[in-house]
Amino acid sequence: MVVLENLDYAIIIGFFAITLIIGLMVAKKSGKSSAEYFLSGRNMPWWLLGISMVATTFSTDTPNLVTDIVRNQGVSGNWVWWAFLITGLLTVFVYAKLWRKSEVTTDIEFYELRYGGKPARFLRGFRAVYLGVIFNVLAMSAVTLAAIKIGQIMLGLSPLETIGYAGLVTVIFSTVGGFKGVVYTDFILFFAAMAGGIGAAWYCVNLPEVGGMSGLLSHAEVIDKINIMPDFNDTATLVTLLIIPLAVQWWSAWYPGAEPGGGGYIAQRMLAAKDENHAIGATFFFNALHYALRPWPWILVALSSLIIYPDIASIHEAFPNIVESKLGDDLAYSAMLTKLPAGLLGLVMASLIAAYMSTISTHLNWGSSYVVNDFYARYIKPEASQKELVNAGRISTVLLMIISSALALILTNAYQLFNIILMFGAGTGLIFILRWFWWRINAWSEISAMFSSGIISILFNFTSLGVVLFGTAEADGILPFWSTYPMIVLLTTIVWLSVTFLTPPETERTLFDFYKRTQPGGPGWERILAEAQLQGKNLVTKTQKWSVPAGILATLVGCITIYGALFSTGYWIYGFYTQAGILTVLTLIATVVLVKLWQRIKTRVF
């Protein structure tokens, strides 16, 4: 446990006060209607929404997760989430403008725009509860678990005390301020979190025990952990850490903040943008900051922790009061922060509080939007007034906070939850990508994918069938353990494709209305356009060349740009100047090309 000085307390208390004041200032306007409460009137600029997205994904569990990965798998282990950049950039250059054109309030409302009849009605209601409550609570509980661990190590707080202090302030400004309060506070939270993360990395690397960058990179505990790419001679590791994420995971999995085709709180911010171009700008800004700017401070602290706390036993020895059920490598990040001096410690504590508050507040508002717009107002009380909807949103916000906090008390490790969520969404991602561009996908496609993914994941991960087929960490099965995820994806895809062709397509009216509003274009809609033309209906509102090919090209160039920035930064930090220089030049060239492509996409000149 660390001892906070008066300066530390002043920084932390001041930070709490600012966030509460912002929430109270916007409360009156946010309470006018559900559109204001959940989307702030759809008039947000790209830069504010982009920073809000970054702040939201800058949660307390993220540095813990990265630390866990680096300590066990090295820096290259981060490919398990770096691969989602491809998903993110496809959202930028292909899907952002489609979401903004749809003008739905939530991405769950999209189901009754794209599909029709009772299956669409069921899908919307079920997904509202499934994602807005169940998955959302799982994600929030992981963030709260990280806050509990930080509170235990750094402040000696019990789990209930941590939840009480941090959760109370968060739920107050989230409840009264709505989406606008969340976005405005995110702006402050982002800079606080970045300042704290960078300050902590600089100080930890320069601790006498670590010995600066030269001492860090030459230490026996660290030297085999610093590679950005996995060992190409280790087939199992290469497949698990690089090939599966890049070849399968990015397009096949549903994960909060990295949904194929956009979705969740990312879609919420795109829907809140002023127009299509602001939606594109916001999502690109988010991906650039999320992947190119943020990881290295966390990675440096994680590498430094290997010197001071080489294993879990050493962490337990240094912090004997930690509840045994919460012990894990992810605690090493918090343990390193106890080394910080007064002032910097207060800033870092404020940054961790910022990370917690920004993520939880977004999940509360996003999950509440599903509960209110897609369940309560759709099925329970369609005639509800705007005031009733706002009140329902506030009540559901509080309930989501209570449930997620209770679950956090029984969890052990954030990486466990990351894998569970990833597995339960395996195989569903391809539908989210194709449903905009292939008329034949129907509501039954999504329903079958959702249920089969969950059932197959349970069979392969939590039953004797999974042990026989894939083995465990201690024993081999019939198939290699790394094939679990691809197998779930393959079987889920076979199921939903079969169901798609065995069930009738959506009605012409549903498909005509969807196309007319969103204008997706492409060969997957040619049959519907031809049918509409035979009936004397014109579904095309603007004559322009299909923008998806240019969007895919921009995605590829964008990946070169952002990965180049990420890796060149790492090599500059490592002192590998030749590699850093080559990658920097490549990044600059790719940036120039990307800017020109972006202008063509924005102006629709192809």
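We did not get these values from a lab; they are worked out from the coordinates using the rules stated. The model shown is predicted, which means the values in this text are computed figures rather than measured ones. Neighbour counts are summed over all protein chains in view; Cβ atoms, including those assigned to glycine, are modelled from backbone coordinates with ideal geometry.
Take the Cα pairs of the chain, get the Kirkwood Rh, then feed it into Stokes-Einstein at 20 °C and 1.002 mPa s and tell me D in µm²/s. All intermediate terms of the calculation are to be shown ahead of the outcome.
On the way: Rh = 24.9 Å.
Answer from the Stokes-Einstein relation: 86 µm²/s.
Rank-order 150-158, 214-222 by packing density, defined as the average count of other C-beta atoms within 10 Å over each peptide's residues, highest first.
Working: 150-158: 20.1, 214-222: 16.1.
Listed from highest to lowest mean packing, they are 150-158, 214-222.
Among W81, W202, rank each residue by its count of other Cβ atoms within 10 Å, from fewest to most, as a rough exposure measure. If you can, show how the numbers build up before the last one.
Details: W81 24, W202 13.
Result, fewest neighbours first: W202, W81.
Arrange F460, F179 by Cβ neighbour counts within 10 Å, fewest through most, would you?
Working: F460 21, F179 30.
In increasing order of surrounding Cβ atoms, one gets F460, F179.
Check cross-link reach from K118 to the aspartates and glutamates: straight Cα distance under 13 Å, and skip same-chain residues fewer than eight apart.
E506
By how many degrees, 0 to 90 and rounded to 10, does the Cα axis of helix 136-150 deviate from the longest principal axis of the chain?
Helix 136-150 sits roughly 10 degrees off the main axis of the chain.
What list of ³J(HN,Hα) couplings, whole Hz, do you get for the stretch 210-220 from phi and the Karplus terms 6.51, -1.76, 1.60, once you set θ to phi - 60° and write x for glycine and proline?
The phi angles translate into 8, x, x, 5, 5, x, 5, 6, 9, 6, 4 Hz.
Measuring from centroid to centroid over Cα atoms, what is the spacing of the stretch 221-249 and the stretch 259-323 in Å?
Between the Cα centres of the stretch 221-249 and the stretch 259-323 lies a distance of 20 Å.
Using alpha carbons only, how many degrees (0 to 90, rounded to 10) separate the axis of helix 6-30 from the longest principal axis of the chain?
10
Using the Karplus curve 6.51 cos²θ - 1.76 cosθ + 1.60 with θ = phi - 60°, work out ³J(HN,Hα) for each residue of the stretch 287-297 in order, rounded to whole Hz, and write x for Gly and Pro.
5, 4, 5, 5, 9, 8, 9, 7, x, 5, x
With a Förster radius of 25 Å, plug the Cβ-Cβ distance of Y574 and L246 into 1/(1 + (r/R0)^6) and report the FRET value to the nearest 0.05. The partial results should precede the final answer.
Working: r = 23 Å, r/R0 = 0.91.
Once the sixth-power term is evaluated, E becomes 0.65.
For the stretch 39-126, restrict the atom set to alpha-carbon positions and state the Rg and Dmax in Å.
17.6, 50
Taking other Cβ within 10 Å of each residue's Cβ, how do E161, E259 sort, fewest first?
Values: E161 14, E259 26.
Ascending Cβ contact count within 10 Å gives the list E161, E259.
Using alpha carbons only, how many angstrom separate the centre of the stretch 499-522 from the centre of the stretch 432-446?
Spelled out, the Cα-based centre of one part sits 8 Å from the other.
Could you give each residue of the stretch 229-244 its phi-based ³J(HN,Hα) in whole Hz, using Karplus coefficients 6.51, -1.76, 1.60 with θ = phi - 60°, and x for Gly or Pro?
With coefficients 6.51, -1.76 and 1.60, one gets 9, x, 5, 6, 8, 9, 4, 4, 5, 4, 5, 5, 8, 10, 5, 4 Hz.
What order, most packed first, do the peptides 117-127, 283-293, 91-101 have when packing is the mean number of other Cβ atoms within 10 Å of each residue? List each step's numbers first, then the result.
Details: 117-127: 17.9, 283-293: 22.5, 91-101: 25.4.
Going by the mean number of other Cβ atoms within 10 Å, highest first, we get 91-101, 283-293, 117-127.
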